[in-house]
1. If N is the number of residues in region 33-107, what value comes out of its Cα radius of gyration divided by 2.2 N^0.38 Å?
2. If you scale each eigenvalue of the Cα gyration tensor by 5 and take the root, what three semi-axes come out for the chain, rounded to whole angstrom and sorted largest first?
3. How many angstrom lie between the Cα centre of region 15-54 and the Cα centre of region 78-101?
4. Report the local net charge at residue 171: Lys and Arg +1, Asp and Glu -1, summed over other residues whose C-beta lies under 12 Å from its C-beta.
5. Place the peptides 102-113, 49-60 in order of packing, highest mean first, counting for every residue the other Cβ atoms within 10 Å and averaging per peptide.
6. Counting only residues 5 or more places away or on other chains, whose amide H sits under 5 Å from the amide H of residue 101 once H atoms are built in the peptide plane?
7. Can you tally the net charge around residue 76? Count Lys and Arg as +1, Asp and Glu as -1, for every other residue whose Cβ sits under 11 Å from the Cβ of residue 76.
8. Run the quick spin-label model on residue 38 and residue 170: label points 7 Å from Cα toward the beta carbon, then report their separation in nm to one decimal.
Amino acid sequence: MNLSDTALSNPVIEIDGLSKQVRLADGQGDLHILQDVSFAVGAGESVAIVGASGSGKSTLLGLLAGLDVPTRGAVRLQGTDLFSLDEDARAALRGEAVGFVFQSFQLLPALTALENVMLPLELAGVADARAVATQWLQRVGLGSRLRHYPKHLSGGEQQRVALARAFAPNPRLLLADEPTGNLDAETGKAIIELMFSLNREAGTTLILVTHDEALARRCARMLRMKAGRLEEAAA
């Protein structure tokens, strides 16, 4: 699906000539992880980034979030170049505009489900963080598990907490990195259905990294990575 004229003129995120290389341990040259990657994603669009392990897709996702710094190139999030900002300013913009869903859930083990969802809301200065977090946990079917710690939740329940945490601050952009990678097939299917349903309702822009092409086809657009390059774009 092509971006609309509006999305092209005002994308939520725009990637321009993004490259990442690191010096090899033996000092014999550089390893090129990403090479001259460029694309844009419009408001409300869903895009899957697919590729084999080592193709550079997870590195790309980290750069889109400003969690890593490129060798060259730009990532403009809501019109702001992430790498023109210092680390604190990048973190502030990320907290305001971006939600994350990770393969390994990334819940804080010392916090309850409710506290995990409340944390980004409190950092953003949301006054009614407890009420908002409670509503989101109820929305993902965990209203009875608010006070449970991650170790007392199943993998599927932990990922539901992660979804609630990602959507609760009302981000413009959701980044999902292999969100079903640690789940069995049945649980993973339920999580994906929930993620896409919440995404449609919220009108969030979604960028999904996955090796599962059946899952990738759920998105409106597919970008394929190979050896650090954007090889092709497929509907």
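None of the figures in this text is laboratory data; all of them are computed from the coordinates on show. Just so it is clear, the model here is predicted, and its values are computed rather than measured. With ideal geometry, Cβ positions are generated from the backbone for all residues, glycine too; neighbour counts draw on all protein chains shown.
1. Working: Rg = 12.8 Å, N = 75, 2.2 N^0.38 = 11.3 Å.
Against the compact-globule rule of thumb, the ratio is 1.13.
2. They are 29, 19, 19 Å, listed from largest to smallest.
3. Region 15-54 and region 78-101 have Cα centres separated by 18 Å.
4. On the way: positive: 94, 165, 172; negative: 96.
My count for the surroundings of residue 171 gives +2.
5. Details: 102-113: 16.5, 49-60: 20.2.
The packing order, highest mean first, is 49-60, 102-113.
6. Correct list: 175, 176, 177.
7. Overall, the nearby charge balance is -3.
8. In this crude label model, residue 38 to residue 170 measures out at 3.5 nm.
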